[in-house]
Structures are given as C-alpha cells and as structure tokens.
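Read the figures in this text as sums done on the coordinates, not as results from a lab. Owing to the predicted nature of the structure, the values given are computational and were not obtained by experimental measurement. Here Cβ is always computed from backbone atoms with ideal geometry, including for glycine, and neighbour counts include all displayed protein chains.
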Amino acid sequence: MLTSLDRDNRVVVTWEIPSGAARAVLVRKTRDYPRDVRDGIIVLDAAPAEDSCVDASPANGRFNYYRVFFQDEHGAWMAAPTEDCRARIRCEASFDYQGKLYGNLPELYERYDENDELRRFIRVIAWELERFRAKQSGLNDISNVNEARDDLLEHLAWNVGWLLNRELPVLRQRAEIKRAVAIYRKKGTRRGLIDLIQGIMNWDLDVIKYNRNILMTGHPDSTTLKVSDPAVTMNMDTAADTADYILGGDKSPDRIRVKINATYDFHLFEKVRNKLFRILRFWVPAGMTVILELATFNDESGTIEDWRPAQADMLTSNWLLTSAFAESDWQTLSQRITNNILWRTPACSKIL
C-alpha cells in the first residue's frame, strides 16, 4: 500500500486488490491504524473494489494512518498482510509558496508573463518546497508521544528505560510510554520500582536492598545487624526472623531483591520475567545485581507444588531467580544456599 501527496496537497492512496475481493473500504485515522471499518473516517467505500483513492481532506499538521479492508462476494471480511493494507503519511496545509514567490517578483515580470509560463515554472519550484515542508514538519513532533510516527515509539520508550511491546495497537503503545514517563520521575526510588513492576504484573511486592554485610528495608523501626551472624542468616526471610535491617556505615548495597507475591496464574510470571530483568537494568544503579523472588505460598495460591516453576529447585516457601545482566543464564537459588549466594557466588543450578 502506497501513499503520496498530489500538487493540491491531497493524499493519493493506492493498493493491490486481492483475488476474490468484491468491496474495498478505505478508513483514515490519526495516531493509530484503524482496527475495523468503524474505527475511523471512511474515505472510500467501493463495490466493486477499486485500487486507488484520493483523500481531499486529510488531517493537516499530523500523520494520517490509512487502512483498507476487503470484503468478498459473500460479505466476509478478508485477511491481508499489514504491509499490503496499511500506510501512513504526514500532511500539512498548503503554505502557498507559489503565490508568495510569484507575488514577490517585480511587476514587470508579471506584466509580460505570457500564457502564465512563469507562474507554471514557479509552481514546479513551489511544489518541491511544499513537499519538503510537509516532511520536515514532522521533526517538531519527534519527541511528542501523542503525535510521533508509530515506528519511532520504540526509541521514545528506550529513553525512559521502557521495553515497548510492538505487538500492541499503536494507541496502547503510546499509553504505555506516557505511563512509563510518570514512573520515570520516580526512577531510582523504592516507590518507583514498585509502581513499575505492579504496572506490568498487577501483583503486590516489596523491595529489599542487600549489602554484603547488611540488609536494608524501608521499615521506620529498622535495626542494623551484620548478616555474618549465622543465627541471622539461618532465620532470614522466615517466620522466625522478626527484625528489619537497614544499611549501616557508609557502605552501599550491591544487590536488590524484589519480592513478588503471586496471587494467581503463575504462567504470567513465566511470560514476563525476562522482560522484568531487561527493564530493571535501567531502573537500578549500575553494578547492582537484581534478585526476583516469587512468594509462591500464600492464602490464594494453594500449595507450593502448584506454583513450582519448571526445572526450579523446591523451596519451603519461595523460589528466587537472579541474573547479573552480563550472562544470559538465569540462576535458581535453592534454600540451602540462599543465605550464602546473596553475598558470594557459589555454583548454582540454572534454568535454561
């Protein structure tokens, strides 16, 4: 499917008619491609099907998204590849370059312009200027989430550390980025990290920062305690551990644990865990390791066995995944080595 502008700033749309098509409906929309014949402005509704159309009144100052729908003789809508049925073009109202250029000529040239030859010559130059202006005007909106060209949205998302799902409708992609911008204002904060993951999974979670010797939480009554004490490490994250720990001294945390409370279908976590790790690298300080902990045993999740991930070591209550971002292998931390691997790196089983 192709789009172009004619000399009157109208949009010329052409396409190929698939075999068996008896009707063609061309629909126009801004900010997103039409999903069906009712999702936008109908520019053409032709039976028998036609292979081109001139849109005399496109939306100026923005991108126009076109999609053509085909219907067979029995009234069924026909599927077509997106590259064959979708196209976009940016339109601008005429700046009247021809009138401005011709009006600035000395009157002598206008007086002796036989058969409007000079006017027609200036029109050729003016048309190229009109086309250039229409193309370059899009640069004004290159960072505008609402108006940017749809294939630039992924770059806008990366600017705020968001991994955009390109399979979503364009309007949904724009909404994701705008939401990510709001979260980005809290980037590097505990609240921002919680909002980020809750927006992806809609599950409750807690964020805990670890140092090689000290555990940090946001509890106002926290106490400082070195985890080198075996009694502390054995009870850590269990019902017997009643204390909260904060950072002591001037040491900074080198890893962070995101504890997610699963409340329904575990397969959701399986689908998004890789996305979580890719996003989190932009949301935590450089060099900090992220550990995802799935709290698999709660009042709503049933038994632990129901939530056990494939190839993961069985834990009494929870299981953990970690990645240092430099490697592609995920590490499953069993309960027997959890207390040590938080501070050191022994050999671990891996989820492939």
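Summary of computed values
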quantity: Per-residue Cβ neighbour rank within 10 angstrom, fewest leading, Trp77, Trp283; calculated: Trp77, Trp283
quantity: Cβ-based charge dipole, the stretch 97-137, positive-most Cα from Ile125, Tyr102, Ser137; calculated: Ser137
quantity: Distant-in-sequence amide H partners of Leu205 (H built 1.01 Å from N, under 5 Å); calculated: Asn261
quantity: Average Cα contact separation per residue, the stretch 30-173, under 8 Å, 6 or more apart, as relative contact order %; calculated: 24
quantity: Potential extension, Leu139-His155 segment - 0.36 nm per residue separation minus Cα distance; calculated: 4.3 nm
quantity: Modelled FRET efficiency - R0 35 Å, Phe121 with Val12, Cβ distances, 0.05 increments; calculated: 0.90
quantity: 15 Å reach of a label modelled at Asn274, 7 Å along Cα-to-Cβ, counting backbone N of the stretch 133-176; calculated: 163-167
quantity: Order of Leu139, Leu292 under a 10 Å beta carbon neighbour criterion, fewest first; calculated: Leu139, Leu292
quantity: Ranked Ser19, Ser57, criterion: other C-beta atoms within 10 Å, fewest first; calculated: Ser19, Ser57
quantity: Inter-site label distance for Asp36 and Asp96 at 7 Å from Cα along Cβ, in nm; calculated: 4.4
quantity: Efficiency of FRET between Leu168 and Leu2 - r from beta-carbon atoms, R0 35 angstrom, step 0.05; calculated: 0.85
